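Structure first, commentary second.
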Amino acid sequence: MPKHGVPGWGAAQSYIEALFAPQDVPLKDALRRSARAGLPPIAVSPSGGRLLQVLARAARARRILEVGTLGGYSAIWLARALPRGGRLVSLELHQEHADTARRNLDRAGLGKRVEVRTGPALQAMRRMVRDRVPAFDLVFIDADKDEYPGYLRLAYRLTRSGGLIVADNALRRAVSPGAPKRGGVLECNRIAARHTGLVSIIVPVLGKGVDGMLVCVKTGR
Ligand SMILES: C[S@@+](CC[C@H](N)C(=O)[O-])C[C@H]1O[C@@H](n2cnc3c(N)ncnc32)[C@H](O)[C@@H]1O
């Protein structure tokens, strides 16, 4: 069985990452320091990070919300897509993850562009809706998989019309042999597929196995 479960995927991943998503020192260091701090190795892949960057640029994002910071690896990719004066708010449950991310972002020279907020993401997002914060151009969902439907509903309210909502790990559960066909991620995919205010698709992403990102354009108000 090939490393990625699909013949040819390993070579495809190497090709794409070498050409479009080479990791520089701050990205490699962020992963190294996250591992040293005991964080799990569950950051997006380099091609996933690059996809986020491409989407942020396509959306001309000035305000980005990330749900699930870990050690700040995807935040580095996203924050680098922001123009001068742009801002990324990233939500993280665990203080030690947030502290590691803070250090990684500062070392990558992105400290001023990124705010890491600690606490349960659903609560933080509800508060943002209630406080009528300015709309985000892109929301990236990558935290508790059971909470994905809630994140999506709140992300819809927090995103401007024409903006993007992206959710990681949208495909793994759906195609893993024997995996239960229920759960937050699959429910989130179904909501996105049927939502009249969203135009959505899952884009397969090469990483540690078969997975993909749900990408939604908000067409509703
Ligand atoms: C898959 S990791 C995020 C990876 C990160 N986006 C990256 O690619 O570098 C998921 C993160 O979400 C955080 N998390 C889990 N449940 C959460 C919750 N209810 N609220 C906020 N963050 C949560 C975890 O602590 C973990 O750091």
May I ask you to verify whether L39 is near the ligand (Cβ under 9 Å from one of its atoms), outside any helix (DSSP H, G or I) and on the phi > 0 side of the Ramachandran plot? no
Search the stretch 10-26 for residues being more than 23 Å from D137 (Cβ to Cβ), assigned to a helix (DSSP H, G or I) and in contact with a helix residue (DSSP H, G or I) (Cβ under 9 Å, 6 or more places away or on another chain), and hand back the single one that is most open to solvent (accessible area, probe 1.4 Å). I16
For the stretch 58-93, enumerate the residues that are open to solvent by 20 Å² or more (accessible area, probe 1.4 Å) and either over 19 Å from A155 (Cα atoms) or within 14 Å of the ligand (Cβ to nearest atom) (or both). L70, R80, P83, R84, G85, L93
Taking strands (runs of 3 or more DSSP E) that do not extend beyond the stretch 94-198, which have at least 3 residues that are under 23 Å from V217 (Cα atoms) and either open to solvent by less than 20 Å² (accessible area, probe 1.4 Å) or within 12 Å of the ligand (Cβ to nearest atom) (or both)? 136-141, 159-167
Within the stretch 1-50, which residues are of a type in the set (D, E) and over 18 Å from H97 (Cα atoms)? E17, D24
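The values are calculated or read from the model by the stated rules, or taken from the named source; none is laboratory data. This one's a predicted model, so the numbers in the text were calculated from it and none came from an experiment. A quick note on method: Cβ atoms are made from the backbone with ideal geometry, for glycine too, and the neighbour counts reach across all protein chains shown. These accessible areas exclude ligands, DNA and RNA; they are computed on the full protein's heavy atoms, side chains included. Shrake-Rupley method; radii C 1.70, N 1.55, O 1.52, S 1.80 Å.
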